[in-house]
1. Select from the range 139-172 the residues that are at positive phi and touching an Asp or Glu at 6+ places or on another chain (Cβ under 9 Å) and list them in ascending order.
2. Give me a count of the residues in the range 144-161 that are at pLDDT below 90 and under 11 Å from Ile185 (Cα atoms).
3. Out of Glu136, Glu128, which single residue is touching a Leu at 6+ places or on another chain (Cβ under 9 Å), exposed (fewer than 12 other Cβ atoms within 10 Å of the Cβ), modelled with pLDDT under 90 and not aliphatic (A, V, I, L, M)?
4. Mind listing whichever residues of the range 147-195 are over 19 Å from Val63 (Cα atoms) and of a type in the set (Asp, Glu)?
5. So, in the range 22-47, of the ones that are polar (S, T, N, Q) and at pLDDT 90 or above, which residue ends up farthest from Val93 (Cα to Cα)?
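The values are calculated or read from the model by the stated rules, or taken from the named source; none is laboratory data. In this text, all values refer to a predicted model and were calculated from it rather than measured experimentally. Counting neighbours? That spans all protein chains shown, and the Cβs are built from the backbone with ideal geometry, glycine included.
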Amino acid sequence: MQQEPGSITHWLSKLQAGQAQAAEPIWKRYQAKLVSIARQQLDENPDCSVDGEDLVQSSFGNVCLAVQNGKYPDIDNREDLWGLLYIATVNRVREHYRERRALKRFHISSSQAIDPSILADLQTPFAEAQAADLIEYLLSRLDLEDPSHLLRQIALLYLDDHSASSIAKLLHKRKTNILISLRLIRSIWQEHEDA
């Protein structure tokens, strides 16, 4: 099938071929819808320094890089791309809320005594890099078991506080299959912990 030069599918194929400039027409097409979705999700956002557009830009950039790097080879039309952008946007908003909750939980009153050196060790770029490396290693273990990256996608959604039911709806899978996949993910990660 011939692709129209102005079609999203045309720009998507250029993006998959590594042409970063192809992201611009895709951004122009979806920006308003994605920002609207993010703002709806942020309806009670106490953090005025972050708005929907900030989060959409972040998630859109991550998706474009992933598509360019071949992470989503099965995305081959505008519907697939829209689904991916939608999920990435919703997940980015949820990540924002999770970060905010973590900051609230981490708030320490003056009566609590924590050794400042421990906190300093956890806030170093080295500690952050180690945590990121561990997460990527665990996700790569899933990719070895499942080259389609479905287990990775399920794990990321689950780590993002999605229930098995919501993951099933988002991925258009049966809840039973998601639960089986989650057990498999735990098993694979347990092997790493036991090693």
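1. His149
2. 3
3. Only one candidate qualifies: Glu128.
4. Those that are over 19 Å from Val63 (Cα atoms) and of a type in the set (Asp, Glu): Asp161, Glu191, Glu193, Asp194.
5. Step by step, filter the range 22-47, then rank; the result is Gln31.
Let's see how each residue does on (1) polar (S, T, N, Q); (2) assigned to a helix (DSSP H, G or I); (3) in contact (Cβ under 8 Å) with a residue 40 or more places away in the chain; (4) surrounded by fewer than 14 Cβ atoms within 10 Å (Cβ to Cβ):
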residue: Ala32; (1), (2), (3), (4): no, yes, no, yes
residue: Ile75; (1), (2), (3), (4): no, no, yes, no
residue: Asp80; (1), (2), (3), (4): no, yes, no, no
residue: Leu84; (1), (2), (3), (4): no, yes, no, no
residue: Asn91; (1), (2), (3), (4): yes, yes, yes, no
